Amino acid sequence: MSVEKKRYEYKLTLGRGIDGKLIRKSFYSTKSKADARKKAEKYRLQYEMEHCVGGASCVREMKFEAWAVACLELYKKPFVTENTYSGTYLIPLENHLIPYFGQMNMDNIRPYHIQAYINQASQKYAPETVKKDYNVLSLIFQNAVDNQICTHNPIVKSIQLPKHEPVSGKRAYSQEQYDLIYSYAKNHRDGLAIMLLLETGISRSELLGLRWEDIDLEKQVIHINHGLVSYRSADEDKWVSAESGLKNKFRKRTVPIVEKSLLERLQLEPRKVELNGRLVETQQVIHSPQGKAYQPNNWVNRRYKPFMDELHAKYPEIPILSVHELRHTRATLWIAQGVEPYMAARLLGHSDLKMLTKVYDHTDPETLRRALLNRNHDGMGTNGQ
């Protein structure tokens, strides 16, 4: 017996006809009500454009949501990757901008509305998030003016954006803390991921995209070729994960395995999982209990955070840092150990030395002092020979 899929309905009011009666139309979806609403708003835009040619009063009634959705689909979706479209444009629009501006008429939105939104958003979100929202607004209104949807652009120079926190706010573990965490990870069920992050400085995306075929135990190197990202599908109302190309050619790199304990852990790590009574090989080095790739946020919540909580409970003096701060820790310690900045940049997959400059900016004085003493000591030893 087949189960009939639930249908979600969204009712759209388009105005009144010449007889004075309301013009209404229903839209349906088997995915979600949000998907039905998307269909409705796309239809609304098409309807208003067809019935508004030469009509200034009609243009003034164009709703923000209707234009914004259509604008992004027309001017951005065909030209960027799906995950970029979702993360950079669609999510800010649906989660932040539509709830605030959605039913406002495009031509009624003024600079003070934009500033009011920026001020409110700054109380809830990081400066980088607010800037992303601002960029999406700028795109929407510039194209609205170009298409005569708006008679003016409310994105003006006087808009004040929140200041970014200085990079010095980023934290990093000291060498002593690093050694303690690494030692704790050696015998932990989720320790392999932590050891890889600490020793190689790879990102979360690169860690979860790592396959067994990328690891050459004989040559003791790791080839960074993939990055696993998650994005909300524009066609389906759900989050999906997918491997993607790395940001630039420098991110594709080979990193040596230096620590013997990491090499041994990789050699001993099981490459098969039991599913339905049989063993199945896994492609991913870091994988779910079913042998599948992790959705990045799920891995953080189910594996990384519990590891850090356990570590902190046993060693309260060890602060809990983010995955990205482990990468920052690796960069900091390489610099402190005398690794040349250019080499550190290549190991981390940076295209230039700008990011390494930021590492110097937050390194504490004692770490720098030890680095200088080590370099001076090495130099004196060389000169004395």
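Numbers at a glance
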read-out: Inter-probe distance in nm under a simple model that places probes 7 Å from Cα toward Cβ, at Val280 and Glu340; value: 4.7
read-out: Whole-Å semi-axes of the ellipsoid equivalent to the range 73-117 (Cα gyration tensor, √5λ, descending); value: 24, 12, 9
read-out: Sorted by Cβ density within 10 Å, fewest first, the residues Met308, Met104, Met62; value: Met104, Met308, Met62
read-out: For Ile224, Ile159, order by how many other beta-carbon atoms lie within 10 Å, fewest first; value: Ile159, Ile224
read-out: Within-10-Å neighbourhood charge of Tyr10 [Cβ basis; K, R +1; D, E -1]; value: +3
read-out: Cβ-Cβ FRET estimate between Ala34 and Lys124, R0 fixed at 30 Å, reported to 0.05; value: 0.90
read-out: For the range 82-202, radius of gyration divided by Kirkwood radius, i.e. Rg to Rh on alpha-carbons; value: 1.20
read-out: Estimated FRET transfer efficiency when R0 is 51 angstrom, pair Glu176-Leu22 (beta carbons, to 0.05); value: 0.10
read-out: Listed peptides 65-73, 258-266 by packing density, highest first (mean Cβ within 10 Å); value: 65-73, 258-266
read-out: Extension gain from Arg271 to Glu9, taking 0.36 nm per residue of separation minus the Cα-Cα distance; value: 89.6 nm
read-out: Taking the range 279-345 and dividing mean pair separation by its residue count, relative contact order in percent (alpha carbons under 8 Å, at least six apart); value: 13
read-out: Cα-based reach from Lys5 at 27 Å (exclusive), listing lysines while leaving out same-chain residues under 8 positions away; value: Lys25, Lys31, Lys33, Lys38, Lys39, Lys42, Lys238
read-out: Cα-derived Rg over Rh, computed across the range 149-229 with Rh taken as Kirkwood radius; value: 1.26
read-out: Residues Tyr125, Tyr100, sorted so that the one with the fewest Cβ neighbours within 10 Å comes first; value: Tyr100, Tyr125
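Read the figures in this text as sums done on the coordinates, not as results from a lab. Because the structure is predicted, anything quoted here is derived from the model rather than measured. When we count neighbours, we look across all protein chains shown, and the Cβ atoms used for this are built from the backbone with ideal geometry, even at glycine.
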